[in-house]
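Visitor: Handing you this structure, nothing more for now.
The values are calculated or read from the model by the stated rules, or taken from the named source; none is laboratory data. Since the model is a prediction, treat every value here as computed from it, not as a measurement. For neighbour counting, all protein chains shown are included, and Cβ atoms are generated from backbone atoms with ideal geometry for every residue, glycine included.
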Amino acid sequence: MAMTQAVQPVIRPATQPTTPARHVTVRGRASFWLFGAAACVALLVLLPLAFTLRQALGFGAANAAELVFRPIVGELALNTLMIVAAATVTSAIVGAAAAWFVERTHLPGRKIWAVLAAAPLAVPPFITSYAWVSFSESLQDFNGALLVVTTAYYPLIYLPVAAALRGMDPALEETARSLGLGPWTRFFRVVLPQLKPALLGGMLLVALGTLSEFGAFALLRFRTFTTEIYAEYRLSFDGSGASMLASILMLLCLVCLALEFRVRGLSRYDRMDRGARRAPARYHLGWGKWPVLASFAGLTLVTLGMPLGMIVYWLLQHGDAAITPVEVSLPLVLDATLSSVGLGLAGAALTTVLALPLGLLLARHPGRIATLLERIVYLAQGLPGIVIALAIVSLAIQALRPLYQSAALLVVAYAILFLPLALVSVRAALLQVEPRLEDAARSLGLNRWQTLWRVVLPLAGPGLGCAAALVFISVMTELTATLLLAPIGTQTLAMQVWADTAALAFAAAAPYAAILVGFSLISTWLLMSLFGKTAVLGATS
Amino acid sequence: MVSRFSRVAGIAALLAASFVGAAHAATLTLYSAQHPQTVTLLTKDFEKQSGIAVRVHTGEGPQLAAQLVAEGQSSPADVYLTSNSPELMLLEGKGMLSKVQPATFGEIPAHYSSPTGVWVGVMARENVLAYNTKMIKPEQMPASLLDLGKPAWKGKIAIAPSDGDFLPLVSAVLALKGEAATLEWLKGLRTNAQIFDDNEGVVAAVNRGAVATGIINNYYWARLHTEMGDKGTHSALYHFGNADVGALLNVSGAAVLKSSKNAEVANKFLAYLVSPRAQQLMANSKVTYEYPLHAGVAPDPILKPFNQINPPQLDMQKLGDDSQAVALLRKAGLL
């Protein structure tokens, strides 16, 4: 959940092509309906945020102070901030080092390492957590938590840093070299400053992901704000007790998000010219390549080998009564798979449809209002799944009774969570549709809707499909909102892994985990081969 | 292209619709705070036996009780199956449960069930102290649960105050020793104890040697033992004696909601839960490790025989509905 949420900004195109002004004038002002629809979508995102704040404010100062200034909140704050700081630093070191070796040295097999270094992003963090917890119970502490979040989140730094290294102008380094600077000085004085935006941006994404991570920590029994919010929910159901904690968490996340926007907006180290690109110089590693190769092999073993290996191990243990007290039957597995796929499809469809009006507005009628609405939708990235889910539960029981416990409500929650993810692809796809074709269609007598349906959507089809596929994977691997909002009787793959792992029935969890990871890896691979590596892994400068 | 797009959209919509539809086809709705694995075992067997489909909503006991209160008359729930009696007492106090049928009620000794006959006990677990056999010896164990709040136990104890199973223990201490002593005990635990999210976390920490002892319900240790085998188990159980509050029996029970629109089916399920067949199924499951409350069914042999445990004298009424437990935990800084 948190992972895919956090991945989103990486894939946002850094360059923001603007529609030529000519078309804006030809097309005139956006229709009332388009504005209205886009505004409604933005309001939908604001709803859980506003509701959580309202609930928190409803406490009154004295009660709120009592809830916030409990000793346990201090402990949780310390735990949360420490794991965020540590995970950010370790991810930065691992991610940046991996990126530098892949992009800047003659490391043997670096194309394979490039894919393997990014691949852990397709493994949901709570699955990684499941693998480690079932491997050794001694990982249930700070070190275990750090290990799991680092292996899950370092690609968020690896990807932008690798892209930045690729796009760097070699002339700067060559100049520095000709001026007599050694390799280390060059790295720290020339390369590192250029990496700063990518590195800082990535670190903030890791921080954001760690702040809102729930499943991985809960399975490791490491207590943070998110796990405590869930604990409050388990003891009292109504969200009011948890809303104070949720507000604090939301605030922390929004600060990260705001910083991330700033880092991305302020600094770019592009070349002035856009001439032919020259590959940057690569270093020869010599004998040094062996330890580096060993490190890469180790990294892959830890990040991919471990979760996949443990799943296979527990799959083989299945049937051994001493270790597996829980029967797993084919109908149960099939049931959970169908639920997950059904929710995934519904979530993907709704999210993509909801992203359309805002995408159209941004592509065809850019302006202050469109940008404002876009920013509001991106706020969803700063809303942890548990906060959104809790707000929706309370909202439904107080005001939306017919929707309460319905699959529809869960799908709406997915849409709020993953709108930013869909909006990126939808907007990019719509920008690529040549506006003159629309003009031609209109001049041939089609009305606005017919033009949209017969010209724009088919042309933007692949991009919209990419958006839907990304949301589909994210929904399949989402845990928090699913746990709180799943309709009665619905069991998804993620919920089953959760339930079985929490009860230490690791072998029982294995088939569900295997299907989940299978779906995730295969869809990611399909996306990459269909839409190109940059579409999925990002083209961040 | 257009047709392909609309076809995809159509299929998605259809799937979504069938999915929503499927969720409403079932006949009995169960709110369950029991372990999902146990419940799956029971509901599948019940479905096979009765032909009645069961849909389950799983959650923590206090959460589900509060949810039922919030849902009120329009709750979809027919039966509430939970792992601690105070949650049922809460609903009993609010008049939300309907009378259990006499035949069903009579299957279980009356002192394990509702004082007014609106819910029935199904299974029970004993509170125990799990200890790491390499870190501490049996003769060092405390005589009373309240000793664990004393300075001698600093750093040697693990608890899970946010686990639903901990609340009845707080309520029991409150009922037997009064508020001042309870608060003192909890504040002592706050100084002494490592805190975990749930009992599974506590027992795992004790077993791996991260902490010497931990307050748990007995069956968490049995589950850990099943999963780890003899070789991986480095812990054992200490049972409080002399009817100490530490040996409190937590009773799992079930009730039919007054708001249920399927009372007949719901009563059938309740009758099934206390039937020898279901009780035997649970006792043999190697998942639950609770004491079956039906007199004719023997518990799993890994458990200390039921007639040898020595719980405190405390009736359901006196144990109450946990209403003060959370407030006390907050006051002591444990929540």
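Visitor: Among the residues that make up segment A:175-190, is at least one of them closer than 23 Å to residue A:280 by Cβ, more than 14 Å from chain B (Cβ to nearest Cβ) and in contact with a strand residue (DSSP E or B) (Cβ under 8 Å, 6 or more places away or on another chain)?
Guide: Checked segment A:175-190: at least one residue is closer than 23 Å to residue A:280 by Cβ, more than 14 Å from chain B (Cβ to nearest Cβ) and in contact with a strand residue (DSSP E or B) (Cβ under 8 Å, 6 or more places away or on another chain).
Visitor: Then there is this: What single numbered condition from (1) at pLDDT below 90; (2) part of a helix (DSSP H, G or I); (3) away from chain B (no Cβ under 13 Å); (4) crowded, with 19+ Cβ neighbours inside 10 Å fails to hold for residue A:540?
Guide: Checking residue A:540 against (1) at pLDDT below 90; (2) part of a helix (DSSP H, G or I); (3) away from chain B (no Cβ under 13 Å); (4) crowded, with 19+ Cβ neighbours inside 10 Å, the one that fails is (2).
Visitor: Can you give me the number of residues within segment A:448-468 that are of a type in the set (A, V, I, L, M, F, W, C), farther than 15 Å from residue A:433 by Cα and within 11 Å of chain B (Cβ to nearest Cβ)?
Guide: Residues meeting the conditions: 1.
Visitor: Looking only at segment B:126-152, which residues are in contact with a helix residue (DSSP H, G or I) (Cβ under 6 Å, 6 or more places away or on another chain), of a type in the set (A, V, I, L, M, F, W, C) and over 20 Å from residue B:176 (Cβ atoms)?
Guide: Matches in segment B:126-152: B:130 only.
Visitor: Another question, then. What single numbered condition from (1) in contact (Cβ under 8 Å) with a residue 40 or more places away in the chain; (2) in contact with a helix residue (DSSP H, G or I) (Cβ under 9 Å, 6 or more places away or on another chain); (3) closer than 25 Å to residue B:288 by Cα fails to hold for residue B:101?
Guide: Residue B:101 satisfies every listed condition except (3).
Visitor: Considering every residue within segment A:153-166, establish whether at least one is of a type outside the set (Val, Ile, Thr) and without any contact (Cβ under 8 Å) to a residue 60 or more places away in the chain.
Guide: Looking for residues that are of a type outside the set (Val, Ile, Thr) and without any contact (Cβ under 8 Å) to a residue 60 or more places away in the chain, one finds none in segment A:153-166, hence no.
Visitor: Output the number of residues of segment B:67-85 satisfying the condition of being within 24 Å of residue B:315 (Cβ to Cβ) and within 11 Å of chain A (Cβ to nearest Cβ).
Guide: Total meeting the criteria: 2.
Visitor: Let me ask another. Considering only residues that are in a helix (DSSP H, G or I), surrounded by fewer than 20 Cβ atoms within 10 Å (Cβ to Cβ) and more than 13 Å from chain A (Cβ to nearest Cβ), which ones fall in segment B:314-335?
Guide: B:317, B:318
Visitor: Next up: Give segment B:225-261 a look and list any residue that's touching a residue at least 40 places away in the same chain (Cβ under 8 Å) and aliphatic (A, V, I, L, M), or say none. Spell out how you get there, then give the answer.
Guide: Within segment B:225-261, the subset touching a residue at least 40 places away in the same chain (Cβ under 8 Å) is B:225-226, B:234-261.
Listed by number, the residues that qualify are B:236, B:237, B:243, B:245, B:247, B:248, B:249, B:251, B:254, B:255, B:256, B:257.
Visitor: On to the next question. Could you tell me whether segment B:194-212 includes any residue that is at pLDDT 95 or above and on the phi < 0 side of the Ramachandran plot?
Guide: Filtering segment B:194-212 down to residues at pLDDT 95 or above leaves B:212.
Filter once more, keeping what is on the phi < 0 side of the Ramachandran plot: B:212.
Yes, segment B:194-212 contains a residue that is at pLDDT 95 or above and on the phi < 0 side of the Ramachandran plot.
Visitor: So which residues in segment B:280-306 are closer than 20 Å to residue B:245 by Cβ and part of a helix (DSSP H, G or I)?
Guide: Within segment B:280-306, B:306 is the sole residue that qualifies.
Visitor: Is at least one residue of segment B:292-310 closer than 21 Å to residue B:63 by Cα, crowded, with 21+ Cβ neighbours inside 10 Å and either in contact with a Ser or Thr (Cβ under 9 Å, 6 or more places away or on another chain) or modelled with pLDDT under 95 (or both)?
Guide: Looking for residues that are closer than 21 Å to residue B:63 by Cα, crowded, with 21+ Cβ neighbours inside 10 Å and either in contact with a Ser or Thr (Cβ under 9 Å, 6 or more places away or on another chain) or modelled with pLDDT under 95 (or both), one finds none in segment B:292-310, hence no.
Visitor: Using beta carbons and a limit of 7 Å, which pairs, at least six apart or on different chains, have the first residue in segment A:219-230 and within 13 Å of residue A:479 (Cα to Cα) and the second one among the acidic types (Asp, Glu) and not in a helix (DSSP H, G or I)?
Guide: Sorted first by the residue in segment A:219-230, then by its partner, the pairs are A:226/A:213; A:227/B:197.
Visitor: Filter segment B:181-239 down to the residues that are farther than 22 Å from residue A:144 by Cβ, of a type in the set (Ser, Thr, Tyr) and assigned to a helix (DSSP H, G or I), then identify the one that is nearest to the other protein chains (Cβ to nearest Cβ).
Guide: By that ranking, first place goes to B:226.
Visitor: Which condition number does residue A:142 fail, the rest of (1) among the hydrophobic types (A, V, I, L, M, F, W, C); (2) modelled with pLDDT under 90; (3) buried (at least 17 other Cβ atoms within 10 Å of the Cβ) being met?
Guide: Single failed check for residue A:142: (3).
Visitor: Looking at segment A:70-77, is at least one residue in a helix (DSSP H, G or I) and at pLDDT below 80?
Guide: If we filter segment A:70-77 for residues that are in a helix (DSSP H, G or I), which is where we start, we get A:71-77.
Okay, now just the ones that are also at pLDDT below 80, so A:71-72.
Looking through segment A:70-77, at least one residue is in a helix (DSSP H, G or I) and at pLDDT below 80.
Visitor: Looking at residue B:264 and the list (1) in contact (Cβ under 8 Å) with a residue 40 or more places away in the chain; (2) charged (D, E, K, R); (3) on the phi < 0 side of the Ramachandran plot, which single condition is not satisfied?
Guide: The number of the failed condition is (1).
Visitor: Continuing with the same structure: When segment B:253-297 is examined, which residues are found to be of a type outside the set (Phe, Trp, Tyr) and closer than 21 Å to residue B:224 by Cα?
Guide: B:281, B:282, B:283, B:284, B:285, B:286, B:287, B:288, B:290, B:292
Visitor: Next up: Return a yes/no flag: does segment A:478-488 have any residue that is in contact with a strand residue (DSSP E or B) (Cβ under 9 Å, 6 or more places away or on another chain), free of Cβ contacts under 8 Å to residues at least 60 places away in the same chain, under 15 Å from residue A:410 (Cβ atoms) and at the interface with chain B (Cβ under 9 Å from one of its Cβ atoms).
Guide: No, segment A:478-488 has no match at all.
Visitor: Name the residues in segment A:489-519 that are more than 21 Å from residue A:413 (Cβ to Cβ), facing chain B (nearest Cβ under 10 Å) and part of a helix (DSSP H, G or I), would you?
Guide: A:500, A:501, A:502, A:506, A:507, A:508
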